[in-house]
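Each value in this text was obtained by applying a stated rule to the coordinates, not by laboratory testing. Being a predicted model, the structure only gives us computed values, none of them experimental. Glycine gets a Cβ as well: all are built from the backbone with ideal geometry, and neighbour counts include every protein chain shown.
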Amino acid sequence: MDRSPRKTVKQWAKLVSAYCAGTLSDREFCARHDVKLASLRKWRYHFAAQNPKTPESAPAAFVKVTAGATRATQQSAVLCIGQDIRLECPASYDVASLAQLALAVHHGR
């Protein structure tokens, strides 16, 4: 199997910047740009460690979500992202808003 040539630091900086500015998941981005997921994660960590963001300069990680009035119910929808994130809302909650919130949380934006 032929290996592609190694990327330079500048090339990785450009790829990581494109990933952070985009809306693709890490897996989708890697497939589209023919890079390994582990490599993308390593270089994201590398550049984040070099340029830590202060709380004042870090972009807000919130997405505006509007919820209509709901009636009290015992049923709820639970969405788990990894082992650390759990979103719980009434089962009648707007699915599009929940999807938008889940994507924002998953991408850390």
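May I ask you to list the residues in segment 8-54 that are free of Cβ contacts under 8 Å to residues at least 24 places away in the same chain and of a type in the set (Lys, Arg)? 10, 14, 27, 32, 36, 41, 42, 53 - these are the residues of segment 8-54 that are free of Cβ contacts under 8 Å to residues at least 24 places away in the same chain and of a type in the set (Lys, Arg). Among the residues of segment 10-34, those identified as surrounded by 12 or more Cβ atoms within 10 Å (Cβ to Cβ), under 25 Å from residue 100 (Cβ atoms) and hydrophobic (A, V, I, L, M, F, W, C) are 16, 18, 20, 24, 29, 30, 31.
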